[in-house]
Every structure is written in C-alpha cells, then in structure tokens.
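Take a look at the structure below.
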Amino acid sequence: MTAAQEPGRIVLLTASHRVAPGLLSWPAWETLRAADLVLCPDAGHPQLPYLREAGVAVEISVPVASDLVEACAGGRTVVVLPSGEGDRDLTDGLARLAGSGRVSMPNLELLPGSYDLPGARLLDLVQVMDRIRRSCPWSSRQTHQGLAKYALEEAYELVEAVEEGDRDELREELGDVLLQVVFHARIAEEDEEEPFSVDDVAAGIVEKLIHRHPHVFGSETAETPEEVKEHWLRMKGVEKRRASVTDGVPLGQPALALAAKLSARAHTADLSVPLPSGEGVGYRLLAMAVEAERGGVDPEGALRAAARAYRDAIRSAE
C-alpha cells in the first residue's frame, strides 16, 4: 500500500472534567504533538489554553464524519477533542461509514488523556449540591436545624441496611448519609460569621485521622486492635482535654447505646463505678447493658436483632 493509500488514524482524545485541564497523560501529549490536524468543536474547551501554550495548533471546527475520513488520507493522523456532550453525531456518522463497507476507514482510536482518581465523583456531588442549593425552592431554604432529623433517619436506615446484609441498599444508604454531610457543609458556606466548606470538613477529618494513627503515619507501633484503640483514645484525650470521661457522649442517642457507651468510657479509664440502685425496669436494663458491654456484646445491636426476630414471629402469626 502506498503512502497515498494509507487510511490514516482518527484519535478521539477524552479527558476527565474532574482533573485539572492541562494535566494530560504523556501518550496524549505525544499524540497531540505528532498529529497532522487537531480539531475541537468547542471554542470554550477547557484544554485549549494549555494546548496552545504547549504549541499545539487547534482548529475550531465541528467535524463531519466523511470530512474527517478524507482528512486522514495519506496516512495522516487527526485528533479530535470531543465536547462535553460527547459529539454523538460524529461517532454515529463514523459508525455508519464503517458499516457501509464502501469506505476505506482510518484506524479509530479512543485515547483517554486523563483518568478519574479515586474519590473523583465526590466533586460531582459537590457541584450538584451547589446548584440544588441555589436553584431548588425547597433546598435553598433549608437550615442545619431543619435538616437534623434527616441525618438521624438516614443513619438509622444505614444501620438497617448493614444488619439486613443488602449490598444495593447499603450503597444507596451510604449515599444518603454522604448527602447529609455535603448538604450541611454547603449551608455552612453561607454563614456570615463562621463559614466553612466541605473542603474544610474533609481537611479536618484527614488531620484527625493522621494524628490518631501514629502507628501508620508516625514512628509508633501497634500490632493488635487493642493497641490501635489505645493510641486512638490517648490521642483523642490530648485533643479534647476533657474534664470527664463522659464528656462528648451524646445523651440523645438510644438508651441502650448510651448505657453501653458510658460503661465503655468508665472501663477504658479503669474506673470502678458501682451501678446506681433503684426500682424499675430502667435500672435492670442499665445493668444488662453494662453486662453486655463488658462481655464484648453491643446491647443495642443485640436488642435490634431480637426485635427483628420478634417482628418475623408477628408476621408468621398474622
């Protein structure tokens, strides 16, 4: 085959919008610099300033499939930067030409210029939440106080999904809990006195995780889960500087979980505290919750499991 007969190559160069423009892979830059023609249908394409700065000439044009095939004649390489919409007309046109059997098609190649990093879709969530906050009549009026009940509901639904072992439900409920975090952070951006963003929230938890894992990010060692817990509690104590081991225990949580948490705090601090005596089921439940916690059993989870068995029994009776 002579050079004039070579079909050439069409390269569709894609790039993730979640990666800063200009950060392209080395194969992408090599292809762009060696191309005979680089086309882009979008004059506002975010990659254009960086390509021009690198000396890559880009022609702003909406390519038609037949013209693109002709431009590749003689073994030429044409690179197309698709628009954000994906240029469906172009890809459909190339598919029709290839399927007709009447055209000598150039080699078609899809070249990813950049890839999403783990967690990149979180950027989409932040962007969508920002638009909803600005444009939705309901979401734009929400406050931290008004949303608080939904955070509680979603947390309970997440726990239920874990207990039921439903993977699809678990993924969905994790998303609902994540939404609450991003929603509250978006509202916090509008606070005139002490604004913060989801980036501040993420930065805070990253700093906390690093500080509380000196055996991972520092020079200390931990070989067992117990040693990890010891590091965690020690670092947490330094951070919080609490006057009592009960500080920070939310009293609004379910009663069995509250009793177990207080027992765990006392046990960790090596405090021998006799249980309060009194009449009634409350004191008996407290004693049982403490006994369960000391035996390594989550009383809240145990009671929930028993309650589900009771629910099933009721349904069978019905």
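Of all residues in region 287-305, those satisfying the criterion of being under 15 Å from Arg265 (Cα atoms) and surrounded by 15 or more Cβ atoms within 10 Å (Cβ to Cβ) are Ala289, Val290, Ala292, Glu293, Asp298.
Selection over region 101-115 of residues that are assigned to a loop (DSSP other than H, G, I, E, B) and of a type outside the set (S, T, N, Q) gives a count of 7. Which residue pairs have Cβ atoms under 7 Å apart, sit 6 or more places apart or on different chains, and have a first residue in region 243-260 that is within 12 Å of Ala287 (Cα to Cα) and assigned by TED's automatic domain parsing to the domain that holds Leu303 and a second that is assigned to a loop (DSSP other than H, G, I, E, B) and modelled with pLDDT of 90 or more? Between residues of region 243-260 that are within 12 Å of Ala287 (Cα to Cα) and assigned by TED's automatic domain parsing to the domain that holds Leu303 and residues that are assigned to a loop (DSSP other than H, G, I, E, B) and modelled with pLDDT of 90 or more, the close pairs are Ala260/Asp298.
Is there a residue being in a helix (DSSP H, G or I), within 30 Å of Arg304 (Cβ to Cβ) and touching a residue at least 40 places away in the same chain (Cβ under 8 Å) anywhere in region 128-145? Scanning region 128-145 turns up at least one residue that is in a helix (DSSP H, G or I), within 30 Å of Arg304 (Cβ to Cβ) and touching a residue at least 40 places away in the same chain (Cβ under 8 Å). Quick one: in region 263-298, of everything that is acidic (Asp, Glu) and within 21 Å of Gly248 (Cβ to Cβ), which residue is nearest to the chain's Cα centre (by Cα)? If we take residues in region 263-298 being acidic (Asp, Glu) and within 21 Å of Gly248 (Cβ to Cβ), then Asp298 is nearest to the chain's Cα centre (by Cα). Look at Asp200 and say whether it is out of contact with any Gly (no Cβ under 9 Å at 6 or more places or on another chain), closer than 30 Å to Gly146 by Cα, of a type outside the set (S, T, N, Q) and surrounded by fewer than 11 Cβ atoms within 10 Å (Cβ to Cβ). Taking the combined requirement at face value, the residue does not satisfy it.
The values are calculated or read from the model by the stated rules, or taken from the named source; none is laboratory data. Worth saying up front: this structure is predicted, and the values here are computed from it rather than measured. No Cβ is skipped: glycine too gets one built from the backbone with ideal geometry, and neighbour counts run over all protein chains shown.
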